[in-house]
Each structure stands twice: as C-alpha cells, then as structure tokens.
Amino acid sequence: MDKRIKKLSLPCPPLLTAKSWAILNANTGELLSGHHEHERREIASLTKVMTAYTAIQIITNLNINVTESKVEASCDASSLNGTTAELEEGDVLSLWDMLHAMLLPSGNDAAYALAEYFGLALVELGLRTTKVVDPIQVFVHEMNRNAKALGMSNTNYANPHGLQNCFNKSSALDVVRLSAAAMRLPLFAEIVSKQKHKCMGQDINSREKAFVWHNTNRLLAKGFSGLKTGITPSAGPCLASSYKDERVNLVMVLLSCKTPEHRWSCLLYTSPSPRDRQKSRMPSSACKKKKKKK
C-alpha cells in the first residue's frame, strides 16, 4: 500500500482486490493513496457521475427549474438493458425525479432519457458545441468537454449510462477527481446521499404512476454520504464513495474489484470511523498471515 495511506492511521491494510483505486482528500484535492490510478479501463455506471455533473451544469447555466421541468422516457430509453429505473415508453417524470431514477437504482433508462432531454435542449437553443445534431451525441460531447475542463486526461465517454463499450473509459484518478467535484454540487450531493426516493409521475396515457427507488450503495447505512456503484462484465464491480466527518472529507474510487462484496468490506475498513473499522477489519491474525506471505 502507498505510504501516503499512513495519513489515515490504519492499523492494517484493508483487503483491496480492485485492479485500480484512488483515495482523495476532497478538501485539498490531494491524492492520499492510489494503485494503478492512471490506468485506463471501463468504469460501468460510474459514467453516470459525469452524466449527472453535466446535467446539473446545464441546469445551472440555463436556470432550469428541476421540479417543474418534465422529462419523458423514449422507446430507446425504456428499451435499454442492464440496471433500470423500470421506466416504460411515455413515462413522464420531473427533472428532479429523473435524476433520482438515474443515481439511486442506477437506471440506464433514466440516464438515456436525461441525455436525450438535455442534448435536444442544447440543439434547439443553438448551444451545442459540436456539428452533430443527434441529442445523445451532443450530450456525450458535453460530457467530454467537462472531463477536459476537469483535467481528466485519461477519460473518454462514449455513452451516458456506462453500458459495455470499449471506447467508454476512464481511470481511478480521473473518477475520484470528478466525484469530488460532483459532491461540491448541492443538488448532486443531496440525491446520492438518499437511501430511498418515492415520487409520482405519469404514464403514456397521462395517468398517475408511482415510483420507488432504492439506492444501490450499501455504504449509506454505514455513515458514508454517497456516491455511485457500477458493474458490467467488462468493467467488473466498481464504486465511487464519499465519507465526511468533523476530521476528514474523503472520496474513494475502486475499479474492477474481484467481487461486488469487496467494494463494501474494503471501504468500511478504510473509513476513519473507529466503529466502522472495528466491524469490518480483518482479525489481527489475518493481518499477520498476510505479512508473512510478503
């Protein structure tokens, strides 16, 4: 483990199976620790952190009311596979609720609907910064512009949801920096801290329709404040997480863990909370055995 991790005062290194990872001091921007943090790889639904970041930038710049603006799920959006918010073609939600639909259950359908909505808005308002007119590609172009502005030199986005695509790649360092920037946006931070969200929308026939989404991030129940999970066969289990108390403000990213469960056990151990560390730390005997094998 990187010597910089000593600043976290860990008694024994956590069980890290991620192929690359990074831990950032969100207050100063200092990289506290990392492993292959510059290595480019697919990041699955951690892509949605940039989708949300880009959407919120547009919301702010255009002064859009998130509760009054409505977003409709298209046939293309509702037909996507993978994790879903269970949207059907013609379902209509407020922009506020659609952001929840993307960030809590990790809805690929919601991510696509948001990209269509904002991409079309940029085209109609003459604000697109690319010659292409397809709303999705216009929005993805904005995602890449934001990545460049944030200094994410190892990143290229090819879609707004993170489904398997060999051209949709980033690095642990880039994602941790993006995550820290996203957590500074009050709208984003509020949404990703929620374990559950209920709302009412409308179906294709304008009838009321109830939605309930649960956050895929299990660490919220352990004192963490966010942030986003991800998993695809090519990217492996991934996690961007944030932890803040009176002493520290950390953002942590794990890419391609060995199993989905290792995402939680690792970061519970790394958490500066003594209570959480006590629950998740390896027994002292296990630590000694690991040292002997080195």
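A few comments on the model shown:
- Evaluation of Thr130 against (1) on the phi < 0 side of the Ramachandran plot; (2) touching a residue at least 12 places away in the same chain (Cβ under 8 Å) (one fails), failing number: (2)
- Of all residues in the stretch 183-210, those being touching a residue at least 24 places away in the same chain (Cβ under 8 Å) and closer than 16 Å to Val66 by Cβ number 10.
- Counted as qualifying within the stretch 161-265 are no strands (runs of 3 or more DSSP E), as none has 3 or more residues that are acidic (Asp, Glu).
- Of all residues in the stretch 15-50, exactly one satisfies the criterion of being more than 16 Å from Arg177 (Cβ to Cβ), among the hydroxyl-bearing types (Ser, Thr, Tyr) and within 15 Å of the chain's Cα centre (by Cα), namely Ser45.
- Residues satisfying the stated conditions in the stretch 60-104, i.e. among the charged types (D, E, K, R), in a helix (DSSP H, G or I) and open to solvent by 20 Å² or more (accessible area, probe 1.4 Å): Asp76
- Applying the criterion of being aliphatic (A, V, I, L, M) and under 15 Å from the mean Cα position of the chain (by Cα) to the residues of the stretch 185-204, the residue that is surrounded by the most Cβ atoms within 10 Å (Cβ to Cβ) is Val192.
- On inspection, Asp174 passes the criterion of being touching a residue at least 12 places away in the same chain (Cβ under 8 Å), within 13 Å of Thr47 (Cα to Cα) and buried (at least 18 other Cβ atoms within 10 Å of the Cβ).
- Members of the stretch 133-149 found to be aliphatic (A, V, I, L, M) and without any contact (Cβ under 8 Å) to a residue 40 or more places away in the chain, listed by number: Val133, Ile136, Val138, Val140, Ala149
- For the stretch 131-156, the set of residues classified as open to solvent by less than 20 Å² (accessible area, probe 1.4 Å), part of a helix (DSSP H, G or I) and either within 15 Å of Ser170 (Cα to Cα) or in contact with a Leu (Cβ under 6 Å, 6 or more places away or on another chain) (or both) consists of Val138, Val140, Met143, Ala147, listed by residue number.
- For beta carbons closer than 7 Å, sequence separation of 6+ or different chains, a first residue in the stretch 47-63 that is modelled with pLDDT under 95 and a second that is open to solvent by 10 Å² or more (accessible area, probe 1.4 Å) and of a type in the set (A, V, I, L, M), there are no qualifying pairs.
- Among residues of the stretch 105-130 being within 24 Å of Val175 (Cβ to Cβ) and not in a helix (DSSP H, G or I), the one that is most open to solvent (accessible area, probe 1.4 Å) is Thr129.
- Filter pass, Leu62 being among the aliphatic types (A, V, I, L, M) and more than 21 Å from Gly230 (Cα to Cα): yes
- Qualifying position, being under 20 Å from the mean Cα position of the chain (by Cα) and over 25 Å from Leu250 (Cα atoms), among Ala158, Ala182, Ala210: Ala158
The values are calculated or read from the model by the stated rules, or taken from the named source; none is laboratory data. Treat the numbers as computed from the prediction; the structure is a model and nothing was measured. For neighbour counting, all protein chains shown are included, and Cβ atoms are generated from backbone atoms with ideal geometry for every residue, glycine included. To get the accessible areas, we keep the full protein, side chains included, count just its heavy atoms, and leave off ligands, DNA and RNA. Shrake-Rupley method; radii C 1.70, N 1.55, O 1.52, S 1.80 Å.
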